[in-house]
1. Applying the selection to the stretch 5-33, what residues are more than 20 Å from the chain's Cα centre (by Cα) and loosely packed, with under 11 Cβ neighbours inside 10 Å?
2. Might you check whether a residue that is at pLDDT 95 or above, within 28 Å of PRO191 (Cβ to Cβ), open to solvent by 10 Å² or more (accessible area, probe 1.4 Å) and of a type in the set (Phe, Trp, Tyr) occurs anywhere in the stretch 244-256?
3. Checking ALA273 against (1) modelled with pLDDT of 95 or more; (2) open to solvent by less than 20 Å² (accessible area, probe 1.4 Å); (3) not hydroxyl-bearing (Ser, Thr, Tyr), only one condition comes out false. Which one?
4. Could you say which residue among VAL283, VAL301 is at pLDDT 90 or above and either in contact with a Pro (Cβ under 7 Å, 6 or more places away or on another chain) or not in a helix (DSSP H, G or I) (or both)?
5. Could you tell me which residue of the stretch 276-305 is nearest to GLU43 (Cα to Cα), considering only residues that are hydroxyl-bearing (Ser, Thr, Tyr) and open to solvent by 40 Å² or more (accessible area, probe 1.4 Å)?
6. Residues in the stretch 153-211 that are open to solvent by 50 Å² or more (accessible area, probe 1.4 Å), assigned to a helix (DSSP H, G or I) and among the β-branched types (Val, Ile, Thr): how many?
7. For the stretch 1-90, which fully contained helices (runs of 4 or more DSSP H) count at least 3 residues that are within 27 Å of ASN190 (Cα to Cα), small (Gly, Ala, Ser) and at pLDDT below 85?
Amino acid sequence: MAAPPLGRLVLTHLLVALFGMGSWAAINGIWVELPVVVKDLPEGWSLPSYLSVLLALGNLGLLAVTLWKRLAPSKGEQAPIQGLLLLLPLPPSTPTGGPGLGLQGGAPGMEDEEEASPLQEPPFQVAASTPGPDLEARQLLSARSACLLGLLAITNALTNGVLPAVQSFSCLPYGRLAYHLATVLGSAANPLACFLAMGVLCRSLAGLGGLSLLGMLFGAYLMALAVLSPCPPLVGTPAGIVLVVLSWVLFVWLFSYVKVAASSLLHGGGQPALLAAGVAIQVGSLLGAVAMFPPTSIYHVFRSGKDCVDLCGP
């Protein structure tokens, strides 16, 4: 099959880049404004939780269209729509968010064409198999691919749902400056991790699992700060500000790298892998956001501080 003209390739890449830039500029623009408006709007410190759920629900439309196209396929339409699932913005991881996904879908050229994808069977098995839905199902059910998809779902649930919902509770006790730095530097950490994965890609499940555990340690620290709000440790000290900002940056950076690495390893599996990765990302993000909405916005498990009132005194 002849390669498409160079002009068409350039136009396609440009349109995809504009799609991603437009959606991410809007989401990140809102997210970095939260430190300024969160204390003044009716939702208060629970505002990030509302945004996380709304963003995840908004992405269900394209997910539904993608699954419909999969059930009633029209060749030539599937791959572009499935690919857009990997570019949709979510709570910037935060933000990547808003997240997160941005560059996390993997880029062409990141895979060695001769290397077997985790969704692909060895050559001798493929040669002996009859192409069709049954073969694709067997590929997707392999242990390695299942681990990668599970890793994608869990990491996106944490970075696009669970932790963004409580970012205000973990940061605002240390002041608006800490919240502002956490959102802005977190937004910068996300693409930096993605670019690093383009040059240095971890292909080991054990390695990705280790990075995920390290990221969970930072996530657990941030969740502990949110639970202890409005009087977490080191509140009112420069050390507290440094620790909370650094924890957010490293949390976002580590999980952004894991997500782009897992997506890249799945990338070589073709359309089935692209669809499965997109579904795992969107479903994981939605479940994380929905799970955190009741404790933050309905039952008020996490406590907000009050201006001009010292709730942490003796």
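The values are calculated or read from the model by the stated rules, or taken from the named source; none is laboratory data. Note that the coordinates shown come from a computational prediction; the quantities given were computed from them, not determined experimentally. For neighbour counting, all protein chains shown are included, and Cβ atoms are generated from backbone atoms with ideal geometry for every residue, glycine included. Surface accessibility is based on the protein's heavy atoms, side chains included, excluding ligands, DNA and RNA. Shrake-Rupley method; radii C 1.70, N 1.55, O 1.52, S 1.80 Å.
1. PRO5, LEU6, GLY7, ARG8, VAL10, LEU14
2. yes
3. Evaluating ALA273 over (1) modelled with pLDDT of 95 or more; (2) open to solvent by less than 20 Å² (accessible area, probe 1.4 Å); (3) not hydroxyl-bearing (Ser, Thr, Tyr) leaves (1) as the failure.
4. That would be VAL301, the only listed residue that is at pLDDT 90 or above and either in contact with a Pro (Cβ under 7 Å, 6 or more places away or on another chain) or not in a helix (DSSP H, G or I) (or both).
5. SER304
6. Qualifying residue count, the stretch 153-211: 2.
7. Because the criterion is at least 3 residues that are within 27 Å of ASN190 (Cα to Cα), small (Gly, Ala, Ser) and at pLDDT below 85, the helices (runs of 4 or more DSSP H) in the stretch 1-90 that meet it are 6-31.
Yes/no matrix, rows are residues, columns are (1) at pLDDT 95 or above; (2) out of contact with any Pro (no Cβ under 7 Å at 6 or more places or on another chain); (3) closer than 28 Å to ALA262 by Cβ:
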{"site": "ALA178", "(1), (2), (3)": "yes, yes, no"}
{"site": "SER187", "(1), (2), (3)": "no, no, yes"}
{"site": "ASN190", "(1), (2), (3)": "no, no, yes"}
{"site": "MET198", "(1), (2), (3)": "no, yes, yes"}
{"site": "LEU201", "(1), (2), (3)": "no, yes, yes"}
